[in-house]
Amino acid sequence: MTRTKKIFVWVVPALLIAWVTLAIALQGEPQTSPTPASEPSSATAADTAAEKDMGHDSHSGRPNRLIHETSPYLQLHAYNPVDWYPWGTEALERARREDKPIFLSVGYTTCYWCHVMEREVFSNPEIADLMNQWFVNIKVDREERPELDEIYMTATRLMTRHGGWPNSVFLTPDLKPFYAGTYFPPTDGRGRPGFPRVLESLNQAWSERRSEVVEQANRIAVAMGQTLAANTDSMTDLPKKSDIVKAASQLKRAYDEEFGGFGSGHKFPSPSNLYFLWQQGQHGDKDAERLVLETLAHMGRGAIYDQLDGGFHRYTLDSAWRIPHFEKMLYDNAHLGELLAITSAATADPELDRLARGTFDFVLEWMTLTNGAFKSAIDAETDAVEGAYYIWTRSDIEAALSPQEYALVAPIFGIEEEPNFEDTHYTLYLKAPFSRHAERLGISRDALLRRLEPALDKLRKARDLRKFPIVDDKVLTDWNGMMIAALARGGDLLEEPRYVEAAERAAEFVLDLRDDSGTQLHVWRDGTAKIPAFLDDYAFLIRGLLALEEVTGQEKWLLQAIRLADQLEERLAAPQGGYFMSEDRTDVLIRSRSASEGAIPSGNGVAALDLLTLAERTGEERFRQRAESVLSGFGEDLAQRPRAVLTLAQAAFEYLDRPMINRTAAGDYKTPRRKSPIDSLARELVDAEIEVSGSTAEEDWRNFTLELRIRDGWHINANPASMKYLIPTQVSGEVRGVSYPPGKSFKFEFAEEVIDVYSGVTRIRGEVNSAEESVEVIYQACDDRRCLPPVTKSLRLD
């Protein structure tokens, strides 16, 4: 029996027994959220209107300390009568100084039940008075402080066997939890306590039974440490292929053959499942490949995909993907967009192509800031109504369309059925694939889509008149890294250079989020970047940069990935293998270290994949050794509970499948790279023609003039190049006496140095051996923001 298993054998029963006294005092148990957690929001034209709704309309009374925070979630509570603190020294020192317990409330901007508790509980002056009198009250945005969220969600699950947001946790002044729940209502009801009763009972316990409370808090803290830092004694053996086979087998058994996805009831995208199965499918497991393709097809037909504007909602409350929890998260759209692009390229399925483009276009239109970075999320509710922006009545649709358009749309999107949402409302979903509807109508799939578009555009315009949900426009390094990778690979596979360009812009912005020491930062909003990077920030940003290097061939992305990998190793490496989630801090109870999956793939699993890729791209054994450290550090997890660590299983498969670094005979690593749309663009930007005249004084040599015509807005480096790392324009072959013209001075917006370049029309002259049939010209095209991969063109000599 492993240490992790022992925890759940003896610690959890002890917790339940110890809390019987308090449960009686509270006349009930902690309430969990009636539905799973919801999440963040985003838009463009709707931004201004949404910002007005970041707090109460009246904004009556004086603001509390949260008014000075940049987090949209914290600002939502800035006018509560609660004496809120952000997490930090001021609040923690006050709790210790006044010997008061801490009430910690953790949530995020697009969490539905967080909004409900804010309106019903935290806006109530009488409840706020109790909170202010007895507790030091702290609000945390889980997306800003994921390490605190993980620590205290673990506590809630240990104590209640449930979890969700808002997470409501009561702590001793030394940060150890002693009671927890999720959503608490403002009054008692249905056999459960309202929040005032919870506050009164816990204050009484703190005042009259302090020793019991402290003893319980200590016991919970031990259990949390064992759970969050399991298997920390030493490294284990490297994973075995049998562990990976077991992971695939377990996942297949959970597959829903009717509607795709895994399990029944609530359906989540679960990208870790899909990435892992697709990897197995590409190595011969055709059943694994089938599960991925079927799941993506079912999701694409469901209402979890926004059939009007594109993009995916967070999850659904049903098995058939038709009743969404309506928030849209950047991370879901990144992972699903990338998977759709990959599977579309592999299968040439036009529906997967449509879904991939629809997802990326949605992100570029609705979730992109003017600086190029990506927003976090779009809320699920409008004016306290879940899905108000997205749902329809039949009369809504009839009013927006002509009778002929309604007759076309209704049977395709389920409007002829009984309403599938609350009361008389519908969500839009495809009853069958477009190809089947086209067959029913006797037309092609493409013809059906063309016929549908005017009607769908009318529905979009009708929906645009509605109030848009709240947008969480903070920039998170890890989530941006996910979208950078997705757009880079998607742009390459879908032959859409604009996607790659968007990925490059975002990467340039996020890489600039550093403190004075050069440490990468986690979050940016309204001109302020803060909080040192977490494991996920490094793992996903490195992954995005490696995707850009693969697609564009630009070495600068690889160099930045190496820099970040070294910084990750320096700041977060764990002696037992793998990486801690965060740096060691006095205000954090436990330094967690895990490879378990959540809503996003595991940071340690992604880091292992990154390191294996860096080992291949650079030929440096140190990166492979670090990957081995991650795999051996969590080897027991993969052996004991493989389905919980599927990204680690992916990395283990890559490690075992490619045990040796590929090198050329000279010892340099050579990265095979297929031609991408970016390569094609680079070639098209410069036209090259060469003319050869009569013989020189030496009959074996002829004069040549090479004319380069460079597209407006672009340039190529002069020869000699201004800096040693720049690629000069050069003619190669059996040539001599080559005369390169002087360059024109040019300055990038983001760099201080001035460089010499060629633009417009440039002519290079020299002599070529008469026996030569061709020469080559090498150049690299750049504009004022980026450089494309270098190009070598072969020019025949007539």
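Which one of the conditions (1) buried (at least 17 other Cβ atoms within 10 Å of the Cβ); (2) within 16 Å of Lys100 (Cα to Cα); (3) of a type in the set (D, E, K, R) does Arg197 fail to meet, given that it meets all the rest?
The number of the failed condition is (2).
Take the conditions in a loop (DSSP other than H, G, I, E, B), surrounded by fewer than 21 Cβ atoms within 10 Å (Cβ to Cβ) and without any contact (Cβ under 8 Å) to a residue 60 or more places away in the chain and apply them to Gly310. Does it pass?
no
Working carefully through the options Gly414, Gly337, Gly358, find the one that is part of a loop (DSSP other than H, G, I, E, B), in contact with a Phe, Trp or Tyr (Cβ under 8 Å, 6 or more places away or on another chain) and of a type in the set (Gly, Ala, Ser).
Matching residue, one of Gly414, Gly337, Gly358: Gly414.
Tell me the residue from Gly733, Gly766, Gly743, Gly760 that is within 18 Å of Arg702 (Cα to Cα) and modelled with pLDDT of 90 or more, please.
Gly766
So for the range 233-253 (the condition being closer than 30 Å to Phe170 by Cα and open to solvent by less than 20 Å² (accessible area, probe 1.4 Å)), does at least one residue qualify?
no
Taking the range 283-304 only, how many residues are touching a residue at least 60 places away in the same chain (Cβ under 8 Å) and open to solvent by 10 Å² or more (accessible area, probe 1.4 Å)?
The qualifying residues number 3.
Residues are listed down the side, and each one gets a yes or a no for (1) at pLDDT below 95; (2) within 29 Å of Asp783 (Cα to Cα); (3) open to solvent by 20 Å² or more (accessible area, probe 1.4 Å); (4) of a type in the set (A, V, I, L, M):
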| residue | (1), (2), (3), (4) |
| --- | --- |
| Arg505 | no, yes, yes, no |
| Leu511 | no, yes, no, yes |
| Asp515 | no, yes, yes, no |
| Thr528 | no, yes, yes, no |
| Leu535 | no, no, no, yes |
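Can you find, within the range 112-149, the residue that is nearest to the chain's Cα centre (by Cα) among those that are closer than 23 Å to Ser201 by Cα and outside any helix (DSSP H, G or I)?
Lys139
Just need a number here: residues in the range 421-440 that are out of contact with any Phe, Trp or Tyr (no Cβ under 6 Å at 6 or more places or on another chain), of a type outside the set (A, V, I, L, M) and outside any helix (DSSP H, G or I).
Within the range 421-440, residues that are out of contact with any Phe, Trp or Tyr (no Cβ under 6 Å at 6 or more places or on another chain), of a type outside the set (A, V, I, L, M) and outside any helix (DSSP H, G or I) number 8.
Considering each of Gly265, Gly261, Gly284, Gly225 in turn, give the residue that is on the phi < 0 side of the Ramachandran plot and of a type in the set (Gly, Ala, Ser).
Exactly one of Gly265, Gly261, Gly284, Gly225 is on the phi < 0 side of the Ramachandran plot and of a type in the set (Gly, Ala, Ser), namely Gly225.
Which numbered condition trips up Ser632, out of (1) small (Gly, Ala, Ser); (2) surrounded by 24 or more Cβ atoms within 10 Å (Cβ to Cβ); (3) within 30 Å of Met153 (Cα to Cα)?
If we test Ser632 against (1) small (Gly, Ala, Ser); (2) surrounded by 24 or more Cβ atoms within 10 Å (Cβ to Cβ); (3) within 30 Å of Met153 (Cα to Cα), just (2) comes out false.
Matching residues to (1) surrounded by fewer than 24 Cβ atoms within 10 Å (Cβ to Cβ); (2) of a type in the set (Lys, Arg); (3) over 24 Å from the mean Cα position of the chain (by Cα):
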| residue | (1), (2), (3) |
| --- | --- |
| Gln554 | yes, no, no |
| Ala561 | no, no, no |
| Gly603 | no, no, no |
| Arg624 | yes, yes, yes |
| Leu638 | no, no, no |
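Are any residues in the range 584-627 of a type in the set (Asp, Glu) and in a loop (DSSP other than H, G, I, E, B), and if so, which ones?
Matches in the range 584-627: Asp584, Asp587, Glu597, Glu620.
Condition first: within 22 Å of Thr427 (Cβ to Cβ) and open to solvent by 10 Å² or more (accessible area, probe 1.4 Å). Now tell me which residues in the range 338-351 satisfy that.
Residue satisfying the conditions is Glu351 alone.
Taking strands (runs of 3 or more DSSP E) that do not extend beyond the range 709-798, which have at least 3 residues that are open to solvent by 60 Å² or more (accessible area, probe 1.4 Å)?
735-739, 744-747, 761-769, 791-796
Applying the selection to the range 585-595, what residues are under 22 Å from Leu513 (Cβ atoms) and free of Cβ contacts under 8 Å to residues at least 60 places away in the same chain?
Arg585
Each row is one residue, and each column tells you yes or no for (1) outside any helix (DSSP H, G or I); (2) farther than 30 Å from Leu631 by Cα; (3) among the acidic types (Asp, Glu).
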position	(1), (2), (3)
Phe178	yes, yes, no
Pro196	no, yes, no
Leu199	no, yes, no
Ser207	no, yes, no
Val214	no, yes, no
Asn218	no, yes, no
Val222	no, no, no
Asp243	no, no, yes
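Would you pick out the residues in the range 316-337 that are open to solvent by less than 10 Å² (accessible area, probe 1.4 Å), at negative phi and touching a strand residue (DSSP E or B) at 6+ places or on another chain (Cβ under 8 Å)?
Passing the criteria: Thr316, Pro324, His325, Phe326, Glu327, Lys328, Met329, Leu330, Asp332, Asn333, Leu336.
Please work out which residue is farthest from Leu228 (Cα to Cα), limiting yourself to the range 524-583 and to residues that are basic (Lys, Arg) and not in a helix (DSSP H, G or I).
Residue satisfying both the conditions and the ranking: Arg525.
For the range 253-298, give me the residue count where each residue is closer than 22 Å to Tyr655 by Cβ and either not in a helix (DSSP H, G or I) or not hydrophobic (A, V, I, L, M, F, W, C) (or both).
12
Which of (1) surrounded by fewer than 21 Cβ atoms within 10 Å (Cβ to Cβ); (2) within 24 Å of Ala644 (Cα to Cα); (3) modelled with pLDDT of 95 or more is the odd one out, the single condition Arg219 does not satisfy?
Looking at each condition in turn, Arg219 falls short on (2).
In the range 535-572, which residues are more than 23 Å from Cys787 (Cα to Cα) and in contact with a Phe, Trp or Tyr (Cβ under 6 Å, 6 or more places away or on another chain)?
Residues satisfying the conditions are Leu535, Leu568, Leu572.
The values are calculated or read from the model by the stated rules, or taken from the named source; none is laboratory data. Please read all numbers here as calculations on a predicted model, not as lab measurements. Virtual Cβ from ideal backbone geometry, glycine too; neighbours counted across all protein chains shown. These accessible areas exclude ligands, DNA and RNA; they are computed on the full protein's heavy atoms, side chains included. Shrake-Rupley method; radii C 1.70, N 1.55, O 1.52, S 1.80 Å.
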